[in-house]
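Read the structure below first, then the notes.
The values are calculated or read from the model by the stated rules, or taken from the named source; none is laboratory data. These numbers come from a predicted model, not from an experiment. Quick reminder, even Gly has a Cβ in these numbers, built from the backbone with ideal geometry, and neighbours come from all protein chains shown.
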(Lines give C-alpha, C1' and ligand atoms only; values in the text may rest on other atoms or scores of the structure.)
Protein backbone atom coordinates (compact mmCIF):
# COMPACT_ATOMS: atom_id res chain seq x y z
CA UNK A 1 0.00 0.00 0.00
CA UNK A 2 1.43 3.41 -0.99
CA UNK A 3 1.59 6.49 1.21
CA UNK A 4 -1.64 8.00 -0.12
CA UNK A 5 -3.53 4.74 0.32
CA UNK A 6 -2.28 4.48 3.90
CA UNK A 7 -3.59 7.96 4.66
CA UNK A 8 -6.99 7.17 3.16
CA UNK A 9 -7.26 3.85 4.97
CA UNK A 10 -6.36 5.48 8.27
CA UNK A 11 -8.88 8.25 7.78
CA UNK A 12 -11.77 5.88 7.18
CA UNK A 13 -10.74 3.55 9.97
CA UNK A 14 -11.07 6.44 12.39
CA UNK A 15 -7.31 6.51 13.06
CA UNK A 16 -6.74 9.95 11.60
CA UNK A 17 -8.56 13.18 12.36
CA UNK A 18 -8.38 15.79 9.64
CA UNK A 19 -10.79 18.69 9.54
CA UNK A 20 -11.66 21.35 7.04
CA UNK A 21 -14.22 23.20 9.15
CA UNK A 22 -13.69 26.25 11.25
CA UNK A 23 -14.32 24.52 14.56
CA UNK A 24 -11.71 21.83 13.85
CA UNK A 25 -14.27 19.06 14.35
CA UNK A 26 -13.16 15.73 12.88
CA UNK A 27 -15.23 14.85 9.82
CA UNK A 28 -17.87 12.17 10.14
CA UNK A 29 -17.58 8.82 8.41
CA UNK A 30 -18.38 9.10 4.71
CA UNK A 31 -22.00 9.12 3.68
CA UNK A 32 -22.83 6.39 1.18
CA UNK A 33 -26.26 7.35 -0.08
CA UNK A 34 -28.58 6.07 -2.78
CA UNK A 35 -31.61 7.61 -4.44
CA UNK A 36 -34.12 6.31 -6.96
CA UNK A 37 -34.85 9.25 -9.28
CA UNK A 38 -38.41 8.57 -10.44
CA UNK A 39 -39.62 10.15 -13.67
CA UNK A 40 -41.53 13.32 -12.76
CA UNK A 41 -45.21 13.00 -13.57
CA UNK A 42 -45.10 9.22 -13.99
CA UNK A 43 -45.76 6.26 -11.73
CA UNK A 44 -42.74 5.54 -9.49
CA UNK A 45 -40.23 2.98 -10.71
CA UNK A 46 -40.72 -0.63 -9.66
CA UNK A 47 -37.19 -1.04 -8.35
CA UNK A 48 -35.44 -3.19 -5.78
CA UNK A 49 -33.56 -0.10 -4.60
CA UNK A 50 -36.69 1.48 -3.18
CA UNK A 51 -36.34 -1.04 -0.33
CA UNK A 52 -33.97 0.21 2.42
CA UNK A 53 -33.00 -3.37 3.27
CA UNK A 54 -31.73 -3.92 -0.27
CA UNK A 55 -29.46 -0.91 -0.37
CA UNK A 56 -28.18 -1.58 3.16
CA UNK A 57 -27.08 -5.05 2.06
CA UNK A 58 -25.30 -3.46 -0.91
CA UNK A 59 -23.17 -1.31 1.40
CA UNK A 60 -25.10 1.95 1.65
CA UNK A 61 -25.53 3.70 5.00
CA UNK A 62 -28.21 6.17 3.96
CA UNK A 63 -31.07 6.84 1.59
CA UNK A 64 -32.14 9.99 -0.23
CA UNK A 65 -35.85 10.24 -0.92
CA UNK A 66 -36.88 11.87 -4.19
CA UNK A 67 -38.49 15.31 -4.62
CA UNK A 68 -42.04 14.05 -4.44
CA UNK A 69 -41.26 12.08 -1.29
CA UNK A 70 -39.99 15.21 0.45
CA UNK A 71 -41.50 16.57 3.68
CA UNK A 72 -41.41 20.03 2.13
CA UNK A 73 -44.61 18.93 0.38
CA UNK A 74 -46.12 17.33 3.48
CA UNK A 75 -45.92 19.87 6.32
CA UNK A 76 -49.20 21.49 7.41
CA UNK A 77 -47.94 25.07 8.00
CA UNK A 78 -50.05 25.40 11.16
CA UNK A 79 -47.23 27.16 13.01
CA UNK A 80 -47.50 29.99 10.50
CA UNK A 81 -51.22 30.12 9.74
CA UNK A 82 -53.77 27.27 10.05
CA UNK A 83 -55.76 28.81 7.19
CA UNK A 84 -52.99 28.11 4.65
CA UNK A 85 -53.94 24.43 4.53
CA UNK A 86 -57.26 24.34 6.41
CA UNK A 87 -58.45 21.03 7.80
CA UNK A 88 -61.02 19.50 5.49
CA UNK A 89 -59.72 21.17 2.34
CA UNK A 90 -58.50 19.24 -0.66
CA UNK A 91 -55.04 20.71 -0.12
CA UNK A 92 -54.89 19.56 3.50
CA UNK A 93 -56.15 16.08 2.68
CA UNK A 94 -53.45 15.72 0.03
CA UNK A 95 -50.73 16.99 2.36
CA UNK A 96 -51.83 14.76 5.25
CA UNK A 97 -51.87 11.70 2.98
CA UNK A 98 -48.41 12.59 1.70
CA UNK A 99 -47.17 13.00 5.28
CA UNK A 100 -48.47 9.57 6.29
CA UNK A 101 -46.81 8.01 3.27
CA UNK A 102 -43.49 9.67 4.07
CA UNK A 103 -43.57 8.68 7.74
CA UNK A 104 -44.07 5.06 6.73
CA UNK A 105 -41.06 5.32 4.43
CA UNK A 106 -38.92 6.90 7.14
CA UNK A 107 -39.86 4.22 9.66
CA UNK A 108 -38.83 1.47 7.24
CA UNK A 109 -35.55 3.22 6.56
CA UNK A 110 -34.78 3.77 10.24
CA UNK A 111 -35.58 0.12 10.96
CA UNK A 112 -32.59 -0.74 8.76
CA UNK A 113 -30.36 1.74 10.59
CA UNK A 114 -29.98 4.00 7.56
CA UNK A 115 -29.51 7.75 7.59
CA UNK A 116 -32.54 9.49 6.08
CA UNK A 117 -32.30 12.41 3.66
CA UNK A 118 -34.95 14.08 1.54
CA UNK A 119 -34.19 15.94 -1.66
CA UNK A 120 -36.07 19.23 -1.84
CA UNK A 121 -36.56 21.93 -4.42
CA UNK A 122 -36.28 25.48 -3.08
CA UNK A 123 -38.11 27.78 -3.05
CA UNK A 124 -41.30 25.73 -2.79
CA UNK A 125 -44.40 26.90 -0.89
CA UNK A 126 -48.16 26.20 -0.90
CA UNK A 127 -49.93 28.26 -3.53
CA UNK A 128 -52.36 29.57 -0.91
CA UNK A 129 -49.49 30.79 1.27
CA UNK A 130 -47.96 32.70 -1.63
CA UNK A 131 -51.30 34.32 -2.45
CA UNK A 132 -52.30 35.08 1.14
CA UNK A 133 -49.05 36.84 1.95
CA UNK A 134 -48.63 38.60 -1.40
CA UNK A 135 -45.42 36.77 -2.24
CA UNK A 136 -46.09 36.24 -5.95
CA UNK A 137 -43.12 38.39 -7.01
CA UNK A 138 -40.80 37.77 -4.06
CA UNK A 139 -41.09 34.13 -2.94
CA UNK A 140 -38.23 33.10 -5.23
CA UNK A 141 -35.85 35.68 -3.76
CA UNK A 142 -33.81 34.20 -0.88
CA UNK A 143 -32.69 37.68 0.20
CA UNK A 144 -36.24 38.92 0.79
CA UNK A 145 -37.08 39.10 4.54
CA UNK A 146 -40.52 37.49 4.17
CA UNK A 147 -39.13 34.70 2.03
CA UNK A 148 -36.47 34.00 4.62
CA UNK A 149 -39.07 34.02 7.39
CA UNK A 150 -41.22 31.47 5.57
CA UNK A 151 -38.22 29.37 4.67
CA UNK A 152 -37.15 29.18 8.30
CA UNK A 153 -40.71 28.27 9.35
CA UNK A 154 -40.78 25.59 6.67
CA UNK A 155 -37.56 24.06 7.96
CA UNK A 156 -38.81 24.16 11.55
CA UNK A 157 -41.97 22.29 10.60
CA UNK A 158 -40.08 19.75 8.47
CA UNK A 159 -37.88 18.61 11.35
CA UNK A 160 -40.61 18.90 14.00
CA UNK A 161 -43.20 16.95 12.01
CA UNK A 162 -40.71 14.41 10.61
CA UNK A 163 -38.33 13.73 13.50
CA UNK A 164 -36.66 10.70 11.89
CA UNK A 165 -35.32 12.86 9.06
CA UNK A 166 -31.56 13.40 9.35
CA UNK A 167 -31.14 16.07 6.73
CA UNK A 168 -32.10 17.75 3.48
CA UNK A 169 -30.51 17.61 0.05
CA UNK A 170 -31.24 20.98 -1.53
CA UNK A 171 -31.14 21.77 -5.23
CA UNK A 172 -31.85 25.09 -6.91
CA UNK A 173 -31.19 24.17 -10.54
CA UNK A 174 -34.77 23.42 -11.59
CA UNK A 175 -38.14 23.07 -9.92
CA UNK A 176 -40.37 20.07 -10.69
CA UNK A 177 -44.06 20.43 -9.88
CA UNK A 178 -45.43 17.42 -11.79
CA UNK A 179 -46.55 15.67 -8.59
CA UNK A 180 -47.13 18.74 -6.45
CA UNK A 181 -50.60 20.06 -7.38
CA UNK A 182 -50.96 22.49 -4.49
CA UNK A 183 -47.48 23.99 -4.39
CA UNK A 184 -45.58 26.56 -6.38
CA UNK A 185 -41.84 26.72 -6.91
CA UNK A 186 -39.34 29.12 -8.41
CA UNK A 187 -35.98 30.63 -7.57
CA UNK A 188 -34.54 33.86 -8.92
CA UNK A 189 -31.00 34.30 -10.22
CA UNK A 190 -30.09 30.71 -9.45
CA UNK A 191 -26.54 31.10 -10.79
CA UNK A 192 -25.79 34.31 -8.90
CA UNK A 193 -23.47 33.80 -5.96
CA UNK A 194 -24.29 37.17 -4.38
CA UNK A 195 -28.01 37.32 -5.06
CA UNK A 196 -29.02 33.72 -4.46
CA UNK A 197 -26.50 31.02 -3.60
CA UNK A 198 -24.65 32.66 -0.72
CA UNK A 199 -27.67 34.17 1.09
CA UNK A 200 -29.65 30.94 0.68
CA UNK A 201 -26.83 28.74 1.91
CA UNK A 202 -26.31 30.99 4.92
CA UNK A 203 -29.98 30.82 5.88
CA UNK A 204 -30.05 27.04 5.46
CA UNK A 205 -26.82 26.59 7.39
CA UNK A 206 -28.26 28.50 10.34
CA UNK A 207 -31.73 26.95 10.19
CA UNK A 208 -30.74 23.33 9.52
CA UNK A 209 -27.18 22.77 10.77
CA UNK A 210 -27.06 25.14 13.74
CA UNK A 211 -30.62 25.41 15.03
CA UNK A 212 -31.76 21.82 14.44
CA UNK A 213 -28.41 20.04 14.43
CA UNK A 214 -29.41 18.33 11.18
CA UNK A 215 -27.45 17.81 7.98
CA UNK A 216 -27.55 19.97 4.87
CA UNK A 217 -26.29 18.75 1.51
CA UNK A 218 -26.31 21.68 -0.92
CA UNK A 219 -26.16 20.71 -4.61
CA UNK A 220 -24.06 22.70 -7.05
CA UNK A 221 -25.82 21.57 -10.25
CA UNK A 222 -26.84 24.42 -12.61
CA UNK A 223 -25.85 26.86 -9.90
CA UNK A 224 -22.11 26.91 -9.17
CA UNK A 225 -20.82 23.65 -10.59
CA UNK A 226 -18.80 24.90 -13.60
CA UNK A 227 -17.36 28.31 -12.75
CA UNK A 228 -14.44 27.82 -10.37
CA UNK A 229 -14.32 31.50 -9.46
CA UNK A 230 -17.98 31.40 -8.41
CA UNK A 231 -17.47 28.18 -6.49
CA UNK A 232 -14.58 29.64 -4.56
CA UNK A 233 -16.55 32.81 -3.84
CA UNK A 234 -19.39 30.75 -2.36
CA UNK A 235 -16.97 28.63 -0.37
CA UNK A 236 -15.24 31.70 1.06
CA UNK A 237 -18.51 33.44 1.94
CA UNK A 238 -20.19 30.57 3.81
CA UNK A 239 -18.67 29.47 7.09
CA UNK A 240 -18.00 25.71 7.18
CA UNK A 241 -19.98 23.53 9.56
CA UNK A 242 -19.64 19.83 10.38
CA UNK A 243 -23.20 19.28 9.14
CA UNK A 244 -22.81 21.21 5.89
CA UNK A 245 -21.74 19.31 2.78
CA UNK A 246 -21.60 20.41 -0.85
CA UNK A 247 -22.72 17.93 -3.50
CA UNK A 248 -20.87 17.83 -6.85
CA UNK A 249 -21.42 15.61 -9.87
CA UNK A 250 -18.24 13.78 -10.87
CA UNK A 251 -18.40 15.44 -14.29
CA UNK A 252 -19.30 18.96 -15.33
CA UNK A 253 -22.89 19.60 -16.30
CA UNK A 254 -25.13 16.60 -16.91
CA UNK A 255 -23.99 12.98 -16.79
CA UNK A 256 -22.56 12.89 -20.31
CA UNK A 257 -19.56 10.79 -21.22
CA UNK A 258 -16.71 12.96 -22.57
CA UNK A 259 -17.70 15.83 -20.29
CA UNK A 260 -14.76 17.09 -18.26
CA UNK A 261 -14.12 15.85 -14.74
CA UNK A 262 -15.52 18.48 -12.39
CA UNK A 263 -13.01 21.27 -11.82
CA UNK A 264 -14.61 22.21 -8.47
CA UNK A 265 -13.98 18.83 -6.84
CA UNK A 266 -11.30 19.26 -4.20
CA UNK A 267 -11.67 23.05 -4.17
CA UNK A 268 -12.78 25.35 -1.39
CA UNK A 269 -13.12 24.65 2.30
CA UNK A 270 -16.29 22.54 2.54
CA UNK A 271 -16.58 18.78 2.48
CA UNK A 272 -17.94 17.36 -0.77
CA UNK A 273 -20.11 14.38 -1.60
CA UNK A 274 -19.84 13.08 -5.17
CA UNK A 275 -22.95 12.37 -7.26
CA UNK A 276 -22.92 9.35 -9.60
CA UNK A 277 -25.68 8.24 -11.97
CA UNK A 278 -25.74 4.45 -12.31
CA UNK A 279 -28.44 4.00 -14.98
CA UNK A 280 -27.36 6.84 -17.21
CA UNK A 281 -30.23 8.77 -18.79
CA UNK A 282 -28.23 9.61 -21.94
CA UNK A 283 -26.88 6.09 -22.29
CA UNK A 284 -29.75 3.65 -22.14
CA UNK A 285 -30.79 3.88 -18.46
CA UNK A 286 -29.51 0.37 -17.80
CA UNK A 287 -30.94 -1.16 -20.99
CA UNK A 288 -27.50 -2.35 -22.13
CA UNK A 289 -24.03 -2.91 -20.64
CA UNK A 290 -22.52 0.41 -19.58
CA UNK A 291 -19.99 0.09 -16.77
CA UNK A 292 -19.12 3.55 -15.48
CA UNK A 293 -17.87 2.85 -11.93
CA UNK A 294 -14.32 2.23 -13.15
CA UNK A 295 -14.20 5.56 -14.96
CA UNK A 296 -15.75 7.50 -12.11
CA UNK A 297 -13.26 6.10 -9.60
CA UNK A 298 -10.10 5.79 -11.69
CA UNK A 299 -10.79 8.35 -14.43
CA UNK A 300 -12.39 7.85 -17.85
CA UNK A 301 -10.13 7.49 -20.87
CA UNK A 302 -11.25 10.89 -22.16
CA UNK A 303 -9.77 12.46 -19.02
CA UNK A 304 -6.29 11.11 -19.73
CA UNK A 305 -5.39 14.32 -21.57
CA UNK A 306 -6.01 16.46 -18.48
CA UNK A 307 -2.94 18.19 -16.98
CA UNK A 308 -1.12 16.07 -14.44
CA UNK A 309 -1.89 18.51 -11.63
CA UNK A 310 -5.66 18.25 -12.26
CA UNK A 311 -7.90 15.59 -10.76
CA UNK A 312 -9.47 13.14 -13.19
CA UNK A 313 -11.21 10.64 -10.91
CA UNK A 314 -12.56 10.48 -7.39
CA UNK A 315 -9.76 8.21 -6.21
CA UNK A 316 -7.38 11.11 -6.81
CA UNK A 317 -9.76 13.36 -4.88
CA UNK A 318 -9.86 11.00 -1.90
CA UNK A 319 -6.10 10.47 -2.09
CA UNK A 320 -5.08 14.11 -2.26
CA UNK A 321 -7.86 15.71 -0.18
CA UNK A 322 -9.18 12.98 2.15
CA UNK A 323 -10.36 15.54 4.70
CA UNK A 324 -12.79 16.93 2.10
CA UNK A 325 -14.31 13.62 1.00
CA UNK A 326 -17.80 13.38 2.49
CA UNK A 327 -18.84 10.28 0.56
CA UNK A 328 -20.70 9.12 -2.53
CA UNK A 329 -24.30 9.63 -3.53
CA UNK A 330 -25.57 7.37 -6.31
CA UNK A 331 -28.74 7.43 -8.32
CA UNK A 332 -29.18 3.67 -8.67
CA UNK A 333 -32.11 4.28 -11.00
CA UNK A 334 -33.45 7.26 -12.85
CA UNK A 335 -32.68 10.64 -14.27
CA UNK A 336 -34.12 12.27 -17.33
CA UNK A 337 -37.60 11.55 -18.63
CA UNK A 338 -39.70 8.73 -20.08
CA UNK A 339 -37.91 5.55 -21.26
CA UNK A 340 -36.36 3.22 -22.03
CA UNK A 341 -37.87 1.32 -19.11
CA UNK A 342 -35.87 -1.65 -17.89
CA UNK A 343 -37.18 -4.93 -16.50
CA UNK A 344 -33.85 -6.25 -15.23
CA UNK A 345 -31.54 -4.11 -13.06
CA UNK A 346 -28.29 -6.02 -13.72
CA UNK A 347 -26.26 -3.19 -15.25
CA UNK A 348 -27.27 -0.45 -12.82
CA UNK A 349 -26.85 -2.94 -9.95
CA UNK A 350 -23.22 -3.48 -10.98
CA UNK A 351 -22.47 0.25 -10.98
CA UNK A 352 -24.31 0.93 -7.72
CA UNK A 353 -22.81 -2.03 -5.85
CA UNK A 354 -19.24 -1.25 -6.89
CA UNK A 355 -19.61 2.44 -6.00
CA UNK A 356 -21.06 1.64 -2.57
CA UNK A 357 -18.55 -1.06 -1.72
CA UNK A 358 -15.62 1.06 -2.88
CA UNK A 359 -16.80 4.09 -0.89
CA UNK A 360 -16.77 1.96 2.27
CA UNK A 361 -13.02 1.54 1.80
CA UNK A 362 -11.55 3.91 -0.82
CA UNK A 363 -8.08 2.44 -0.34
CA UNK A 364 -9.11 -0.71 -2.23
CA UNK A 365 -8.73 -1.08 -5.97
CA UNK A 366 -11.82 -0.72 -8.13
CA UNK A 367 -10.88 -3.96 -9.91
CA UNK A 368 -10.86 -5.84 -6.60
CA UNK A 369 -14.37 -4.62 -5.82
CA UNK A 370 -15.55 -5.44 -9.34
CA UNK A 371 -14.19 -8.98 -9.12
CA UNK A 372 -16.00 -9.47 -5.83
CA UNK A 373 -19.25 -8.47 -7.52
CA UNK A 374 -18.67 -11.02 -10.28
CA UNK A 375 -17.90 -13.77 -7.77
CA UNK A 376 -20.36 -12.93 -4.98
CA UNK A 377 -23.34 -11.51 -6.86
CA UNK A 378 -23.07 -13.41 -10.16
CA UNK A 379 -21.20 -16.49 -8.81
CA UNK A 380 -18.82 -16.58 -11.78
CA UNK A 381 -15.64 -18.65 -11.72
CA UNK A 382 -12.22 -17.07 -12.25
CA UNK A 383 -12.10 -17.49 -16.02
CA UNK A 384 -15.56 -15.99 -16.44
CA UNK A 385 -14.77 -13.16 -14.01
CA UNK A 386 -12.02 -12.12 -16.42
CA UNK A 387 -14.41 -12.31 -19.38
CA UNK A 388 -17.02 -10.29 -17.52
CA UNK A 389 -14.41 -7.69 -16.61
CA UNK A 390 -13.38 -7.35 -20.25
CA UNK A 391 -17.00 -7.10 -21.36
CA UNK A 392 -17.72 -4.29 -18.91
CA UNK A 393 -14.60 -2.27 -19.69
CA UNK A 394 -15.38 -2.62 -23.40
CA UNK A 395 -18.87 -1.28 -22.76
CA UNK A 396 -17.44 2.00 -21.46
CA UNK A 397 -15.25 2.29 -24.55
CA UNK A 398 -18.09 1.43 -26.91
CA UNK A 399 -20.53 3.89 -25.38
CA UNK A 400 -18.32 6.97 -25.51
CA UNK A 401 -17.34 6.25 -29.13
CA UNK A 402 -20.87 5.41 -30.25
CA UNK A 403 -22.66 8.39 -28.73
CA UNK A 404 -19.86 10.94 -29.04
CA UNK A 405 -16.08 10.63 -29.32
CA UNK A 406 -13.30 10.50 -26.78
CA UNK A 407 -12.66 14.18 -27.68
CA UNK A 408 -16.31 15.25 -27.19
CA UNK A 409 -16.62 16.24 -30.84
CA UNK A 410 -20.41 15.85 -30.98
CA UNK A 411 -23.13 17.81 -29.24
CA UNK A 412 -24.06 15.29 -26.52
CA UNK A 413 -27.74 16.21 -26.62
CA UNK A 414 -28.48 14.54 -29.99
CA UNK A 415 -29.85 11.42 -28.29
CA UNK A 416 -31.28 11.11 -24.80
CA UNK A 417 -33.85 9.07 -22.91
CA UNK A 418 -35.65 6.93 -25.54
CA UNK A 419 -35.31 9.40 -28.42
CA UNK A 420 -32.85 10.18 -31.23
CA UNK A 421 -32.41 13.59 -32.84
CA UNK A 422 -30.55 14.48 -36.04
CA UNK A 423 -26.85 14.79 -35.15
CA UNK A 424 -25.72 16.91 -38.07
CA UNK A 425 -22.13 16.97 -39.34
CA UNK A 426 -19.05 18.35 -37.62
CA UNK A 427 -17.57 21.39 -39.35
CA UNK A 428 -14.00 20.42 -38.51
CA UNK A 429 -12.90 17.80 -41.09
CA UNK A 430 -10.44 16.15 -38.71
CA UNK A 431 -13.09 15.89 -36.00
CA UNK A 432 -15.62 14.46 -38.45
CA UNK A 433 -13.10 11.87 -39.64
CA UNK A 434 -12.45 10.88 -36.02
CA UNK A 435 -16.19 10.80 -35.38
CA UNK A 436 -16.82 8.34 -38.20
CA UNK A 437 -13.83 6.22 -37.25
CA UNK A 438 -14.94 5.96 -33.64
CA UNK A 439 -18.44 4.92 -34.68
CA UNK A 440 -16.86 1.96 -36.48
CA UNK A 441 -14.71 1.25 -33.44
CA UNK A 442 -17.81 1.28 -31.26
CA UNK A 443 -19.53 -1.38 -33.38
CA UNK A 444 -16.40 -3.56 -33.30
CA UNK A 445 -16.39 -3.32 -29.51
CA UNK A 446 -20.11 -4.10 -29.31
CA UNK A 447 -19.57 -7.22 -31.39
CA UNK A 448 -16.86 -8.32 -28.98
CA UNK A 449 -19.19 -7.61 -26.05
CA UNK A 450 -21.80 -9.92 -27.57
CA UNK A 451 -19.22 -12.65 -28.09
CA UNK A 452 -18.07 -12.40 -24.48
CA UNK A 453 -21.64 -12.43 -23.15
CA UNK A 454 -22.32 -15.62 -25.09
CA UNK A 455 -19.06 -17.21 -23.91
CA UNK A 456 -19.61 -16.69 -20.16
CA UNK A 457 -21.02 -19.57 -18.13
CA UNK A 458 -23.80 -17.65 -16.38
CA UNK A 459 -25.07 -19.44 -13.29
CA UNK A 460 -28.78 -18.90 -13.89
CA UNK A 461 -30.86 -18.72 -17.03
CA UNK A 462 -32.45 -15.35 -16.28
CA UNK A 463 -29.05 -13.65 -15.97
CA UNK A 464 -27.77 -15.41 -19.07
CA UNK A 465 -30.77 -14.40 -21.16
CA UNK A 466 -30.58 -10.79 -20.06
CA UNK A 467 -26.80 -10.40 -20.29
CA UNK A 468 -26.75 -11.73 -23.85
CA UNK A 469 -29.96 -10.01 -24.92
CA UNK A 470 -28.98 -6.61 -23.54
CA UNK A 471 -25.58 -6.89 -25.22
CA UNK A 472 -27.36 -7.41 -28.54
CA UNK A 473 -29.61 -4.48 -27.62
CA UNK A 474 -26.54 -2.26 -27.31
CA UNK A 475 -25.07 -3.55 -30.57
CA UNK A 476 -28.27 -3.01 -32.57
CA UNK A 477 -28.92 0.44 -31.12
CA UNK A 478 -25.40 1.61 -31.81
CA UNK A 479 -25.61 0.24 -35.34
CA UNK A 480 -28.60 2.56 -35.78
CA UNK A 481 -26.58 5.43 -34.30
CA UNK A 482 -23.73 4.76 -36.73
CA UNK A 483 -26.08 4.59 -39.72
CA UNK A 484 -27.66 7.93 -38.79
CA UNK A 485 -24.28 9.64 -38.49
CA UNK A 486 -23.10 8.08 -41.76
CA UNK A 487 -26.24 9.26 -43.55
CA UNK A 488 -25.68 12.80 -42.28
CA UNK A 489 -22.08 12.67 -43.46
CA UNK A 490 -23.03 11.30 -46.89
CA UNK A 491 -25.69 13.98 -47.33
CA UNK A 492 -23.21 16.73 -46.46
CA UNK A 493 -20.84 15.38 -49.11
CA UNK A 494 -23.60 14.89 -51.67
CA UNK A 495 -22.72 11.20 -51.98
CA UNK A 496 -25.96 9.60 -53.21
CA UNK A 497 -24.56 6.09 -53.28
CA UNK A 498 -23.44 6.30 -49.66
CA UNK A 499 -26.78 7.84 -48.67
CA UNK A 500 -28.69 4.93 -50.21
CA UNK A 501 -26.30 2.41 -48.66
CA UNK A 502 -26.61 3.80 -45.16
CA UNK A 503 -30.36 4.40 -45.36
CA UNK A 504 -30.70 0.69 -46.18
CA UNK A 505 -28.47 -0.11 -43.18
CA UNK A 506 -30.57 2.20 -41.01
CA UNK A 507 -33.84 0.51 -41.99
CA UNK A 508 -32.37 -2.97 -41.56
CA UNK A 509 -30.94 -1.89 -38.22
CA UNK A 510 -34.36 -0.93 -36.89
CA UNK A 511 -35.80 -4.24 -38.06
CA UNK A 512 -33.04 -6.21 -36.31
CA UNK A 513 -33.40 -4.09 -33.19
CA UNK A 514 -37.17 -4.63 -32.97
CA UNK A 515 -36.79 -8.37 -33.42
CA UNK A 516 -34.74 -8.66 -30.23
CA UNK A 517 -37.71 -8.47 -27.86
CA UNK A 518 -39.13 -11.67 -29.35
CA UNK A 519 -35.96 -13.58 -28.53
CA UNK A 520 -35.09 -11.89 -25.24
CA UNK A 521 -38.22 -11.10 -23.17
CA UNK A 522 -36.32 -9.42 -20.31
CA UNK A 523 -35.15 -6.53 -22.49
CA UNK A 524 -36.16 -2.98 -21.78
CA UNK A 525 -38.56 -1.00 -23.90
CA UNK A 526 -37.07 0.22 -27.17
CA UNK A 527 -35.92 3.60 -28.39
CA UNK A 528 -38.51 5.35 -30.55
CA UNK A 529 -38.20 6.64 -34.09
CA UNK A 530 -40.93 9.22 -34.03
CA UNK A 531 -40.59 11.03 -30.69
CA UNK A 532 -38.26 14.05 -30.50
CA UNK A 533 -35.86 14.57 -27.63
CA UNK A 534 -36.90 16.92 -24.83
CA UNK A 535 -36.79 20.48 -26.17
CA UNK A 536 -36.42 19.36 -29.80
CA UNK A 537 -38.91 19.63 -32.66
CA UNK A 538 -37.67 16.96 -35.06
CA UNK A 539 -36.18 13.50 -35.05
CA UNK A 540 -33.39 11.76 -36.91
CA UNK A 541 -36.01 9.56 -38.58
CA UNK A 542 -37.87 12.54 -40.01
CA UNK A 543 -34.65 13.91 -41.46
CA UNK A 544 -33.85 10.57 -43.05
CA UNK A 545 -37.31 10.33 -44.58
CA UNK A 546 -36.80 13.74 -46.19
CA UNK A 547 -33.44 12.64 -47.59
CA UNK A 548 -34.99 9.44 -48.90
CA UNK A 549 -37.77 11.40 -50.59
CA UNK A 550 -35.28 13.73 -52.28
CA UNK A 551 -33.31 10.77 -53.56
CA UNK A 552 -36.48 9.27 -55.01
CA UNK A 553 -37.40 12.54 -56.69
CA UNK A 554 -33.92 12.74 -58.19
CA UNK A 555 -34.21 9.25 -59.60
CA UNK A 556 -32.13 7.61 -56.88
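When we screen 91, 57, 101 for residues that are crowded, with 16+ Cβ neighbours inside 10 Å, assigned to a helix (DSSP H, G or I) and modelled with pLDDT of 95 or more, the only hit is 91.
Considering every residue within the range 458-465, establish whether at least one is assigned by TED's automatic domain parsing to the domain that holds residue 390, part of a helix (DSSP H, G or I) and buried (at least 19 other Cβ atoms within 10 Å of the Cβ). No: the range 458-465 contains no residue that is assigned by TED's automatic domain parsing to the domain that holds residue 390, part of a helix (DSSP H, G or I) and buried (at least 19 other Cβ atoms within 10 Å of the Cβ).
Restricting attention to the range 254-278, and to residues there that are touching a strand residue (DSSP E or B) at 6+ places or on another chain (Cβ under 7 Å) and in a loop (DSSP other than H, G, I, E, B), which single residue is nearest to residue 239 (Cα to Cα)? Break it down stepwise before answering.
Here is the first cut: in the range 254-278, the ones touching a strand residue (DSSP E or B) at 6+ places or on another chain (Cβ under 7 Å) are 255, 259-262, 264-265, 270-278.
Adding the requirement that they be in a loop (DSSP other than H, G, I, E, B) leaves 255, 259-260, 262, 264-265, 270, 278.
Details: 255: 30, 259: 31, 260: 28, 262: 23, 264: 18, 265: 18, 270: 9, 278: 32 Å.
Ranking the qualifying residues of the range 254-278, first place goes to 270.
Here residue 204 meets the list (1) buried (at least 18 other Cβ atoms within 10 Å of the Cβ); (2) touching a helix residue (DSSP H, G or I) at 6+ places or on another chain (Cβ under 7 Å) almost entirely, failing just condition (2). Figure legend. Inter-residue proximity from the range 544-556: first residues more than 10 Å from residue 503 (Cβ to Cβ), second residues in a loop (DSSP other than H, G, I, E, B), beta-carbon distance below 7 Å, spacing 6+ or different chains. No pairs are indicated. Which condition does residue 256 not pass, out of (1) in contact with a helix residue (DSSP H, G or I) (Cβ under 8 Å, 6 or more places away or on another chain); (2) more than 28 Å from residue 523 (Cβ to Cβ); (3) surrounded by fewer than 23 Cβ atoms within 10 Å (Cβ to Cβ), if it passes all the others? Among (1) in contact with a helix residue (DSSP H, G or I) (Cβ under 8 Å, 6 or more places away or on another chain); (2) more than 28 Å from residue 523 (Cβ to Cβ); (3) surrounded by fewer than 23 Cβ atoms within 10 Å (Cβ to Cβ), the lone unmet condition for residue 256 is (2). Limited to the range 360-413, what total is found for residues that are out of contact with any helix residue (DSSP H, G or I) (no Cβ under 7 Å at 6 or more places or on another chain), surrounded by 17 or more Cβ atoms within 10 Å (Cβ to Cβ) and closer than 30 Å to residue 28 by Cβ? Qualifying residue count for the region: 1. Residue count for the range 322-354, restricted to those that are over 22 Å from residue 466 (Cα atoms) and in a helix (DSSP H, G or I): 3. Listed by position, the helices (runs of 4 or more DSSP H) enclosed by the range 124-237 that each have at least 1 residues that are modelled with pLDDT of 95 or more and under 28 Å from the mean Cα position of the chain (by Cα) are 145-161, 198-204, 228-237. One residue is enough: does the range 351-366 have a residue meeting the conditions at pLDDT 95 or above and closer than 27 Å to residue 436 by Cβ? Scanning the range 351-366, I find no residue that is at pLDDT 95 or above and closer than 27 Å to residue 436 by Cβ, so the answer is no.
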